[in-house]
Amino acid sequence: MNSGLSKFEVNCGSLVDIGKTRTSNQDEVIVCPELGFFAVSDGMGGLKDGGKTSYMIKEVLPGMIEQAKRQLEEQLEKQSNPAPAAQDDESVMTLTDEEFLEAASKLLTNSVSVLSDSIYESGNEGHAIEYGATLCGVWLMQKHAIFVNIGDSRGYLLKRGAREITQITKDHNIAALLVESGDLTKEQAKHHHTSSRITRFMGMPHPAVADTFLIEIEPGDTLLFCSDGLHGMLEDEQLFAILSKEEDPQTACKALIDAANEAGGKDNISAVCVRITGKEPAKGTFRDTVKRFSFLRLINPKSSENKD
């Protein structure tokens, strides 16, 4: 199927399971191939309205990504068909591939931050935190994948022909900080009591800052997004083995969740699997002319408001 502004077609699968020990489900998946956007959101179990938060993200974020996609499409249209006056305009700049992808990344992080702030202001401001969820996903852009993450859900990449799976995102929890400081090994952190103490999440006090990772992709690559109910129960080697064996993304998601349940199923489990298919895009760039003012407004809508 076609996938938004990506040059590749994709096959995707997704699945959510309550697990073996929980009495309710607070995980959600977002699958929007027409936007090239895929994600998981895990409502924080220790909060009163964690499940409501992940549901809000599922319902609202796709519309924000659609708006961002339209902005990028308008920019591409301007570049393809510049106004005659633009050729003599000294304010005109050349927009490179890298700058276009940077603009897309900033639109993505801005959308996540705005939504998180809205959740905080509507449910958490002025009293104890009740709303919170993780978010981990990808926006496919030309021949790149822009991973976005806030919380401890994870995004993985399995390159075509690779012998191991690679975790692209970084966990936002205390255990990960202890690994960075050298106080824990990665293996110790997996089951350490601080692994459940999230340092960044949707609905947190301002500012909510999501990480982004720009990865070049090609046909045959596989992207996996999952909550800690999956990656907390299975080793990376098990994820690799299942994704390598199961060609169909939906079948792969079911096999992953079945394996997590067999390992104990201690939490809700969610997975989104995206297989990159189709031909590699033709060599080329986005390079053309756009007005600097328009570009700055695209990546930072408030920039023009701050000028004297």
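The values are calculated or read from the model by the stated rules, or taken from the named source; none is laboratory data. Predicted model, so just to flag it, every value in this text is computed and none were measured. A quick note on method: Cβ atoms are made from the backbone with ideal geometry, for glycine too, and the neighbour counts reach across all protein chains shown.
Residue count for segment 1-39 satisfying the condition of being closer than 19 Å to residue 202 by Cβ and of a type in the set (Phe, Trp, Tyr): 2. Summed over segment 223-246, residues that are in contact with a Lys or Arg (Cβ under 9 Å, 6 or more places away or on another chain), in contact (Cβ under 8 Å) with a residue 24 or more places away in the chain and either among the β-branched types (Val, Ile, Thr) or in a loop (DSSP other than H, G, I, E, B) (or both) total 3. Is there a residue being within 20 Å of residue 39 (Cα to Cα), of a type in the set (Gly, Ala, Ser) and either touching a residue at least 60 places away in the same chain (Cβ under 8 Å) or not in a strand (DSSP E or B) (or both) anywhere in segment 119-130? So far as segment 119-130 goes, no, none of its residues is within 20 Å of residue 39 (Cα to Cα), of a type in the set (Gly, Ala, Ser) and either touching a residue at least 60 places away in the same chain (Cβ under 8 Å) or not in a strand (DSSP E or B) (or both). All of (1) at pLDDT below 95; (2) surrounded by 19 or more Cβ atoms within 10 Å (Cβ to Cβ); (3) part of a strand (DSSP E or B); (4) of a type in the set (A, V, I, L, M, F, W, C) hold for residue 103 with one exception: (3).
Name the single residue that is surrounded by the most Cβ atoms within 10 Å (Cβ to Cβ) among those in segment 142-180 being assigned to a strand (DSSP E or B) and at pLDDT below 95. Steps first, please.
Here is the first cut: in segment 142-180, the residues assigned to a strand (DSSP E or B) are 142, 144-150, 154-158, 166-167, 173.
Next, only the ones that are at pLDDT below 95 stay: 142, 173.
Numbers: 142: 20, 173: 23.
Taking the candidates together, the pick is 173.
The residue list 35, 61 contains one member that is under 22 Å from residue 116 (Cβ atoms), in a loop (DSSP other than H, G, I, E, B), touching a Gly at 6+ places or on another chain (Cβ under 9 Å) and touching a residue at least 24 places away in the same chain (Cβ under 8 Å), which is 35.
A count restricted to segment 181-222 and to residues that are assigned to a strand (DSSP E or B) and either hydrophobic (A, V, I, L, M, F, W, C) or surrounded by fewer than 16 Cβ atoms within 10 Å (Cβ to Cβ) (or both) stands at 6.
Name the single residue that is modelled with the lowest pLDDT among those in segment 75-100 being within 23 Å of the chain's Cα centre (by Cα) and not hydrophobic (A, V, I, L, M, F, W, C). Among those residues, the one meeting the criterion is 75.
Name the residues in segment 55-71 that are of a type outside the set (A, V, I, L, M) and either within 11 Å of residue 41 (Cβ to Cβ) or surrounded by 14 or more Cβ atoms within 10 Å (Cβ to Cβ) (or both), would you? Within segment 55-71, 55, 58, 59, 62, 66, 69, 71 qualify.
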